[in-house]
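Report on one structure; see the data block that follows.
Rule-based calculations on the coordinates, nothing more; no lab input. Note that the structure is predicted; figures quoted are calculated from it, not measured. Virtual Cβ from ideal backbone geometry, glycine too; neighbours counted across all protein chains shown.
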Amino acid sequence: MIVAIDGPSGAGKGTVARALARELGYRYVDTGAMYRAIALQALRDGIDLANESAVEHVAQEAVINFEGGRTVVNGHDVTEAMRTPEGDVAAASVARLPAVRRVLVARQRAFGKGGRLVMEGRDIGTVVFPDAGAKIYLDASPDERARRRAADRAHTGSGRTDLADVASALEARDASDRTREVSPLTLAADAELIDTTGVPIGDVVKRALSLVRSRLGDSA
Ligand code: DC
């Protein structure tokens, strides 16, 4: 079974995907971290993020390691740096490049080989694993997503906590993710939409878990 979790920033994907993986004993892959890691490596290499073939080369060569909750690319720990506002913008920019997506989608499919995987992103149920056994699309109102992002220290550690700034940055990135030509963020026809606005995260996890278990034919 592969569980695909998609949705916009701040919808709760990371929390829900990690909890599902823990409950089910599955592996967890955050594909957003892969786009972020490639973007930071390209910046480190002094590459213009609009140079598609140069960023593609970075994606092909990059050794990305996710051990122990850290993200390490080519030996550099980017766990904190990749969640800064600059990391947000850089990741959205490389995620628009078709050649980069091709490289990362191939890597993501390779993770799926053994099954028993929860993968979160924007195009997991639509492109990476269109045959995933369970597809969940998490959403929440723009206000609530901005509030969650502003309260998330991983994203605001660099000091920007003004809600209006966070909301406008989030809106710009969402627009980029939804309108890009390749694999834009969309709701798969067969995905279960969960609106998490005002819903305690524990309740969202329970609902997602019961959906996955019903797909597994498990009555628990
Ligand atoms: O989930 P996130 O915010 O960490 O993702 C970082 C960026 O990468 C964001 O702009 C969306 C993009 N992304 C994508 O295009 N496809 C994915 N499967 C995952 C993330």
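Going by a ≥ b ≥ c, the root eigenvalues of the Cα gyration tensor, does the range 91-214 fall in the rounded group (a/c under 1.5), the prolate group (a/b larger than b/c) or the oblate group? Write down the numbers at each step before the final one.
Working: a/c = 1.92, a/b = 1.20, b/c = 1.59.
Taking the square roots of the gyration eigenvalues as a ≥ b ≥ c, the range 91-214 is oblate.
What is the antiparallel percent of DSSP beta bridges lying wholly in the chain, to the nearest 5?
Details: 4 of 21 bridges.
The answer is about 20 percent antiparallel.
So which trypsin sites (Lys or Arg not before Pro) in the range 1-80 pass both tests, a DSSP loop state and at most 14 other Cβ atoms within 10 Å of the Cβ? Don't jump to the answer; show the numbers that get you there.
Numbers: sites: 13, 18, 22, 27, 36, 44, 70; in loops: 70.
Those satisfying the criteria are 70.
Taking a straight Cα-Cα cut-off under 19 Å and skipping sequence neighbours fewer than 8 places away in the same chain, the lysines within cross-link reach of residue 13 are 135, 206. If a spin label sat at a point 7 angstrom from the Cα of residue 141 along the line to its beta carbon, the backbone N atoms of the range 161-184 nearer than 18 Å would be those of 163-168, 170-171.
Counting only residues at least eight positions apart within a chain, or on another chain, there are no lysines with an alpha carbon under 17 Å from that of residue 113. What the phi angles of the range 128-143 give under the Karplus curve with 6.51, -1.76 and 1.60, with θ = phi - 60°, is a coupling list of 5, 10, x, 9, 3, x, 9, 10, 10, 10, 9, 9, 7, 5, x, 4 Hz, glycine and proline written as x.
To make sure I understand, if each residue's beta carbon is the centre and we count other beta carbons within 10 Å, what order do 195, 123 fall in, fewest to most? Intermediate values should be presented prior to the final figure.
Numbers: 195 15, 123 23.
Lowest count first: 195, 123.
By definition, a body whose alpha carbon gyration tensor gives a ≥ b ≥ c is oblate when a/c is 1.5 or more and a/b is not larger than b/c, and the chain fits this oblate description.
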